[in-house]
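The values are calculated or read from the model by the stated rules, or taken from the named source; none is laboratory data. Bear in mind the structure is a predicted one, so any value in this text is a computation, not a measurement. Quick reminder, even Gly has a Cβ in these numbers, built from the backbone with ideal geometry, and neighbours come from all protein chains shown.
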Amino acid sequence: MGKLNPLLAATALTAVAVLAVGCSNDDSDAPDTGRKRPVRPSTSSARTPAPDRAEHIPGETVTNAPVLPDGEVVAQAVNASGNRELEVEGDLKSGPLAVLVNCKGEGKLTVEVKPVGLSFPLKCVAGEVSSTYNQLDLKSTHEQGTVSVTAQASVHWAITVGH
């Protein structure tokens, strides 16, 4: 065997380090609570979602609001497109705050809940509904809050926020 070229070895180690650092499941600054949205069983053949976007859940739509698994709805919108800001009804109470989003159409959607600091993107695709569920455990009550959705006009979406 020949000698190992030090420049080639350093380049290979750098590539491995970049791959290790770049492979993260955390796409947002919000803490991972480990809770996932329940997946409804389907009678059709199951499709594996693309790894770079949220999952496709059969039966989800943008013309109806996503269903909050438990609790009280504090903000909701259906069949919306483009940018919109929603006022939260009542206080943002301490405890779990859930955000469920469905989108359809080519583009990216970003949700931000103020003033609690929850923000996350959702990649949307043409021809099917992408869905995500995020939850944050609020340590204190906030007297008012807003939910801002930023999206291209070609992206249609529905959102439910609750606690």
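Scan the range 75-89 and tell me whether some residue there is assigned to a loop (DSSP other than H, G, I, E, B), crowded, with 16+ Cβ neighbours inside 10 Å and modelled with pLDDT of 50 or more. Yes, the range 75-89 contains a residue that is assigned to a loop (DSSP other than H, G, I, E, B), crowded, with 16+ Cβ neighbours inside 10 Å and modelled with pLDDT of 50 or more. Considered as a group, the residues in the range 116-163 that are hydroxyl-bearing (Ser, Thr, Tyr) and out of contact with any Asp or Glu (no Cβ under 9 Å at 6 or more places or on another chain) include one that is surrounded by the fewest Cβ atoms within 10 Å (Cβ to Cβ), and that residue is 140. Across the range 90-106, the qualifying residues are those that are surrounded by fewer than 17 Cβ atoms within 10 Å (Cβ to Cβ) and on the phi > 0 side of the Ramachandran plot, and the one among them that is modelled with the lowest pLDDT is 90.
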